[in-house]
1. At a Förster distance of 45 Å, what's the computed FRET efficiency of D124 paired with E235, Cβ-Cβ distance as r, to 0.05?
2. Under a no-solvent Debye model with one identical scatterer per Cα of the chain, what's log10 I(q)/I(0) at q = 0.06, 0.07 Å⁻¹?
3. Please give the peptides 210-222, 113-125, 238-250 ranked by average Cβ packing (other Cβ atoms within 10 Å per residue), highest first, as a rough proxy for protection.
4. When only C-alpha pairs under 8 Å and at least 6 residues apart count, what is the relative contact order of the stretch 95-180, in percent?
5. Once a ≥ b ≥ c are taken as the square roots of the eigenvalues of the Cα gyration tensor of the stretch 157-231, is the result rounded (a/c under 1.5), prolate (a/b larger than b/c) or oblate (a/b not larger than b/c)?
6. Treating the stretch 258-345 as a set of equal point scatterers at the Cα positions, no solvent, please give the Debye-formula log₁₀ I(q)/I(0) at q = 0.18, 0.21, 0.22 Å⁻¹.
7. Give, as a single signed number, the net charge of other residues whose beta carbon lies under 10 Å from the beta carbon of L237, with Lys and Arg counted +1 and Asp and Glu -1.
8. Using +1 at the C-beta of Lys and Arg and -1 at the C-beta of Asp and Glu, which of G331, G88, V257 has the Cα lying farthest in the positive direction of the dipole of the chain?
Amino acid sequence: HIRFGLAVKTADWSSSDKRWTLTANNEQTGESETYTANFLIGCTGYYNYDQGYKPDFPGEADFKGQMVHPQHWPEDLDYAGKKVVVIGSGATAITLVPTLAEKAAHVTMLQRSPTYLMPLPSTDKITLLLQKLLPEKAAYRLTRARNISISRFLYRRSRNSPAFMRRLFLGIIKRQLDSNTDLRHFSPDYNPWDQRLCVVKDGDLFKALRAGTASIRTDHIDRFTEDGVQLKSGETLKADIVIPATGLDIQMLGGVVPRIDGQPVVLKDKVIYKNVMVEGMPNAGMIFGYTNISWTLKVDIASEYLCRLINHMDRQRYRVAVPRDTEHSRGEDTVLGSLNAGYIKRAEDRLPRQGTRGPWKASQDYIADVKLLRFDPIEDGYLELDGIRRHSPESTPGGILRPLRSALFGS
């Protein structure tokens, strides 16, 4: 069953009952409801969807125009013919600016620091060609393999040869700009994939810049004025509407703090297991996607693993599964890896850690994870089942070739 309109407030595990008890607030009636479960899986993502991050701007109260946060967008916002300033340089700003520029008098993207951008077409000509030449399933599998391979190559090459990839990315951007836009606005002071790479759909941001309906400034805010934003450089950006696309706020499990026998689980002190479970948390999964390729690739195989685990427990009549990090492999990187984006740094005290080796390390590698989650044995010596750390001698059938084929072609 799918139940809507319920906000989960508490999640408590009882070792004596071997089950979870959840309380939820019914948002229609206001009443509290109770649910019990043998297994709890958190599929909440890792953002606070009720409130984004917005710094306090000096003089903000003096601004006489509209301040609109993207997470609280009014349906009746009229920006036609208005001067708009979008603060930020991430995916939200990159998406908003060209869309707003279609009707606004002018849109200025104000960023404190640049982001690596990559223009990509929304229609893939190679995919369309494959669909004409091949059966549907074959075209899908080849397209999937190609896209995964390209994403893995770009990420790995960025980590191994950052100077080369920086030149490559900036060269691509330079070809998108005219003489009115300086390349320095797209030249970050960090290496590719130290923070996420932003995709510009159909290059629409660059089209708006070339058309003159949008412009970009790299500067710091000094203060807000009645009619705009005063920059540290002395320039003033006139604005009728200011949109602070200044980032998201990380929140684990939708804000619920799980408890085990009455003791709160402090996630920052815990290590993730196979990037799907958390050490010491019985019968619980937490779904994380990738930060370097499509999020849903990891969601798919994480879900498969949890189904494998639950089915294995049913067959063997196990009631409790708990990952145990007896080797104390905890590292300093969070579950989101070594990315140093502001929203991750602000949430370091809320994120579980990853280990330095074995199933405690988040590889961010789809092919390696397919082997780990889809093919490797459930009983690996790290997972405690009914109080015993069990280890199966079986190995992955077909070595690495079967996981590789499965990862790329989905079979």
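1. Between D124 and E235 the formula returns 0.65.
2. Debye output, listed in q order: -0.31, -0.42.
3. Listed from highest to lowest mean packing, they are 238-250, 210-222, 113-125.
4. After rounding, I find 27 percent.
5. oblate
6. Per q value, in the given order, log10 I(q)/I(0) is -0.94, -1.18, -1.24.
7. Local net charge: 0.
8. Of the candidates, G331 comes out farthest on the positive side.
Each reported figure results from applying straightforward, stated rules to the coordinates on display, with no laboratory input. Note that the structure is predicted; figures quoted are calculated from it, not measured. Note that each Cβ is placed from the backbone with ideal geometry, even for glycine, and that neighbours are counted across all protein chains shown.
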